[in-house]
Structures are given as structure tokens and as C-alpha cells.
Amino acid sequence: MRKSKYLVLSDFYFLFNDDLTEIKYIKSLFENQNILDLSRFDKLKNIRNDEFKNGYLNFIYLPKNIETIGEYAFSENQIKISYLSNCINLKIIKDNAFKNNKIKELKLPKNIEIIKGWAFEKNKIEILDLSNYTKLKEIKELSFLDNPLKRIKILNNIEIEYEYYYENDLWNKFAKYYNKSEKKSGNYKYEDNKWQWYPL
């Protein structure tokens, strides 16, 4: 059985800033790692734009004090599960942050407020449960574009952007339906080639 390559965080792979709040440089020895575990490094606050783009990551574990996940930070990887629920200070997920992965299951932090455009585009999400995120107020354009969505649980009073150019995409169809619906909060199901509202 082939062993996963497991990252042990050290100067061997990374160069940190002086207060350990940010990774300044990723060394070439990190290439081909498929697990990133930063969960023990509570001073780390920022994942910069493009930081882990175009890698081989299957799983990521982030510390609770992460405040920012930059644009394209984890895009173009092989991430299957994204558990961000422990990241209690993370309020915004930036554009394209997890674009083009293999995410099937998504758990966000309870304080999440904004999901930026294309943040989870081209993943494998079928069931999207946003019903526990009472502070979520904005989902920008095409955040969940090109996912095989079958069910979406969501609350009301969320601003969801609709993009006319992608009118046949499942997420974009949902955005249009949600915005026109009088009953916003609900358990939406994609049935007979259209979204249907059901109570939570």
C-alpha cells in the first residue's frame, strides 16, 4: 500500500515571517505533498494569494485563527474535503480560493459572512448545506459554478449574485430562482430539470 506524503511543518518546507503569522516562502521540497496540516500553528493568520495553487493536495487542515484565504490560494489541487469550521476568525473566502478541486463535502466557519466569486467553482458538491450560517450575507457571482448540485439548504436575507451568461449552470439557476422566490429560506431540490422549494 502506497503511503501518503505527509507534511511536517518546518524550515525544511517553509520560511515564515518573524511573528509566524504568515508563510513568506514555500520551498521546492514541498512539491508533490498531498496533505497540508497547519492546524497546530495558531499564530498563522493569512494564506496569501496563489500560495498553494497548482499542487497535489488532497486534504488541508488550517489553524483556528486564520483570517484570510487569498485569491486562488488552494485552486487547481485535488482537495476532496474542505473542513473550515474550526477557522473561527474567517469571515471572507476570496475569489477562486478553492476553484477546480474535487470537494464533495464542505463545512464552513460559523462566522462566515461573504463567499466571493468563483470560490468553489468546478468541484464535486452535490449537497450544499448553508443553513447553519446565520451571519452569511453575500454569495458573489458564480461561487459554486460547475458543481453537480442536487440540494441546497439556505437561510433568507442572503444576497446571491446571478450571472446571465451562465444561465444553464445549476448554481446560477438556483441564484435566479432564489432571488425571485418569496420564500427564501428553504431546502431546495433540483427535480425535473428545475429547482423546487421545500421548507427546512
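Data overview
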quantity: P(r) histogram, all alpha-carbon pairs of the chain included - 10 Å bins from 0, percent; calculated: 9, 35, 33, 16, 6, 0
quantity: Out-of-range pairs (alpha-carbon distance over 18 Å; input Lys91/Lys189; Lys140/Lys173; Lys80/Lys122; Lys110/Lys153; Lys91/Lys116); calculated: Lys91/Lys189
quantity: Region 152-195: Rg to Rh, with Rh as the Kirkwood radius over Cα pairs; calculated: 0.93
quantity: Antiparallel bridge percentage (DSSP; both residues within region 14-121; nearest 5); calculated: 20 percent
quantity: Beta bridges per DSSP with both ends in the chain, % antiparallel, nearest 5; calculated: 30 percent
quantity: Cβ-based net charge around Lys135, under 12 Å, with every Lys or Arg adding one and every Asp or Glu removing one; calculated: +1
quantity: Residues Glu121, Glu105, sorted so that the one with the fewest Cβ neighbours within 10 Å comes first; calculated: Glu105, Glu121
quantity: Degrees, to the nearest 10: 170-180 long Cα axis against longest axis of the chain; calculated: 50 degrees
quantity: Charge-dipole axis of the chain as Lys and Arg at +1 and Asp and Glu at -1 on Cβ define it, positive-most pick from Ile23, Tyr162, Tyr133; calculated: Tyr133
quantity: Lys, Arg +1 and Asp, Glu -1 on Cβ, resulting dipole of region 1-121 about Cα centre, debye, nearest 20; calculated: 480 debye
quantity: Net +/- balance of residues flanking Arg151 in space, Cβ distance below 15 Å, scoring K and R +1, D and E -1; calculated: +2
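Since every read-out is calculated from the coordinates, none of them should be taken as a lab result. A quick note: this is a predicted structure, and the numbers were derived from the prediction, not measured. Methodologically, a virtual Cβ is constructed for each residue, glycine included, from the backbone with ideal geometry; neighbour enumeration extends over all protein chains shown.
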